[in-house]
1. I'd like to compare 348-356, 688-696, 630-638: which one has the highest average count of other Cβ atoms within 10 Å, and what's the full order after that?
2. Rolling a 1.4 angstrom probe over the protein heavy atoms, how many square angstrom per residue are accessible across segment 104-144?
3. Taking 8 Å as the Cα distance limit and 6 or more residues as the minimum spacing, I'd like the relative contact order of segment 1-150 as a percentage.
4. So what is the relative contact order for segment 197-346, in percent, with contacts set as C-alpha pairs under 8 Å and at least six apart?
5. Could you work out the per residue convex hull volume over the alpha carbons of segment 364-498, in cubic angstrom?
6. At 1.002 mPa s and 20 °C, plugging the Kirkwood radius over alpha-carbon pairs of segment 634-680 into Stokes-Einstein gives what diffusion coefficient in µm²/s?
7. Calculated from DSSP H runs of 4 or more alone, at -39500 (n - 2.57) each and per residue, what is the 222 nm mean residue ellipticity of the chain, nearest 500?
8. Tell me the Kirkwood radius of segment 1-81: reciprocal of the mean inverse pair distance over distinct alpha-carbon atoms, in Å.
Amino acid sequence: MNLIMDDSVKYHVQDDIAVITINNPPVNALGHAVRAGLVAAIERAEADNAVAGVLIHAQGRTFPAGADIKEFDKPLLDPSLPAVCDRIEACTKPVIAALHGTVLGGGFEVALASHYRIAAAQAKIGFPEVNLGLLPGAGGTQRAPRLCGAAFALGLMLSGKQIGAFFAKKRGLIDEVTKGNILDAGLAMARDVIAKGTGVRRTLERRDGLKDPIANQSAIKDARSGIEGSVLLAPAKIIDCVEASLLLPDEAGKIFESIAFEDCLASDQSVALRHVFISERMAANVPELATGKVRNISSVGVIGGGTMGAGIAVSLLDGDLDVVMLERDAASLEAGLGRVVAVFERSVVKKRITEEDKNRKLARLAGTLNMSDLAGVDLAIEAVIEDRAIKEEVFAQLDAVLKSGAILATNTSYLDIDELASSISRPQDVVGLHFFSPANIMKLLEIVVPDATSDDVVASGFALAKRLGKIGVRVGVTDGFIGNRILKVYRLAAEYMVEDGASPYQVDRAMRGYGFGLGPFQVYDLAGLDIAWAQRKRHAATRDPDIRYTEFGDKMCEAGWFGQKVGRGFYHYEAGSRQGKEDQAVLDLIADARGAKGIKPRRFGDAEIQRRCVSAMANEGAKLLAQGIALRPSDIDVVMIHGYGFPRWRGGPMQVADQVGLMQLRSDLRRFDTADTQIWHPVEMLDPLILNGQGFGALN
Ligand code: T1G
């Protein structure tokens, strides 16, 4: 007898087993229809005398990968996921869950609420809720510890990491693992359970993981000390819930969990983290995909084997692409190839890859001194020094040798790519691929689209980003693209405050307190003060004399204080140490610079420092939107989080502006704005949004 609930949950009886099939692509998220379908199916199976057991499995690439994240910002419809899990667990006939793909969050909670679990050998299991500022809110914090103990459950829930099926079995979370077809194996397990008459086996009634209360209590203690000082809400709530599973009766534990879940769900942190999850995926939706045809890229020429060139080569080899590195002389080529080999050797030592993996990847790497050896590549990426004349020369040579249809990419961080493209015969094949250092680690890739570039090339850029495991963000041509343009105003905000009385060390502390790993002046020391100095000098002739200019940075560079690489910048570094010490000489230099301008220093509170920096970033973000450089506000958040260390749990400068409210943002900007600073002058586009009671989110 076949009964269709709706497409997302199907029900049929095979022999005496009710087979419930979840089918909600792409990842069988447990949206409302699936939840309602599951409850209806369980009730149908229970009422059907021909049914002796129930099998839950999923079609497509995975068993449910969790609750539907896109439903969290809407009123949640019944049945809730905790209710679905309770209904499955309460079923009077044994329920077997057959797991494959990435069984995550609520998906694994459905499995835990089932009475038996079998997984495909390749299946991955995990509780990634903490990455969304949430906790396993459908009984996971109560049921998991009963099977695997508090320590392992906490490890899974606080890390958000996935584990393999065999490991999950070893830890008692899974009963069986099959190398065969998961549906067949699930049916076989159901028949076996029915035949043996082992019946229902409710996880909440299990005590396998609770046999050693001492160990469980110390796991709670260790976990608490492990998050000491953290501002994140979810990890603390997770520990509270797992502790509740040890101390409270079943129902009370579940109620405790659901209250904690609601607290997390409503928190700004979770709203921000969910925004980031969706924004990371939305960034790939660019207009050129509708018309652009992705070109095949299997071989890539990398011009320049310096830090960036070598990192890009590693990333391409990790993407199983063939790479030819070109350098201007044998010594540079040897050094460039050496850098690539060194990265893989370090990964072998750290057991991230095997010796075989390393050899397989390096077998795809070649080096050359002859541009003509790049004639056959599908893509060429130049990563030579940031000098326009040299880059134009490289592009001219590439234009002369590359096959028709090859893509020419530049890794420039600042230069005008429209000009670079117009310097060759095929501007339609030019694109900016702005990697971030270290290029084999950083997930962000700014895909810069000059005016003449074809949709095929843009679409190919995004396909490459996906292949390299990067998050591609579409950017129009402007000085500094999205990230460096916002970094520039962030730095100006920090420098203005220092000239007005704040210490660079206080500004760094305030921004670390805000959630950045490093403050702006520590980043200056890391990157090198001379880089920005060279840029300021490059723009000196065109600088607007009416706009405020702080001199203390130039004075430090004139003194040779370029940062970590010379042991001295805003901080002083002992030989071989990356830990900077505050330096009175820097404070004296700044005080002299103030004195020279007659500036009477004033005090800044940390909150004002944070608000001045973040509001300047959001304002610049709005300018980038108004100029059409950025497609949507969420792209700006993705760039700042993945490229510039903006704290993920705050969601990015545009998300923060929405949480603060654009009205508040505008009044802050008006308060900070002065005639000689542009960075806080409110952008006009704020007004209509405020008028309509909207936030930047309305533009996503
Ligand atoms: N809800 C809604 N949509 C989802 C989704 C989810 N849970 N997971 C993925 N998608 C969409 C995604 O937006 C994209 O859509 C498409 O699926 C492919 O995803 C009560 C509270 C599963 C490992 O956190 O980690 O359960 O962009 O591009 O790289 O305790 O997606 O194509 O339109 O990422 O192969 C817990 C989140 C939820 C898992 C696949 N679960 N997902 O990675 O593909 S909270 C998660 C992932 C919860 C309960 C709690 C990954 C993936 P589009 P993709 P992928």
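1. On the way: 348-356: 10.4, 688-696: 15.1, 630-638: 27.0.
By packing density, highest mean first, the sequence is 630-638, 688-696, 348-356.
2. 13
3. Once normalised by length, the contact order is 20 percent.
4. Relative contact order comes out at 14 percent.
5. Hull volume normalised by residue count: 126 Å³.
6. Approximately 185 µm²/s, per Stokes-Einstein.
7. -15000 deg cm²/dmol
8. On the way: mean 1/r = 0.0771 Å⁻¹.
For segment 1-81, the Kirkwood estimate is 13.0 Å.
The values are calculated or read from the model by the stated rules, or taken from the named source; none is laboratory data. Predicted model, so just to flag it, every value in this text is computed and none were measured. Methodologically, a virtual Cβ is constructed for each residue, glycine included, from the backbone with ideal geometry; neighbour enumeration extends over all protein chains shown. In case anyone asks, the SASA skips ligands and DNA or RNA and just uses the protein heavy atoms, side chains included. Shrake-Rupley method; radii C 1.70, N 1.55, O 1.52, S 1.80 Å.
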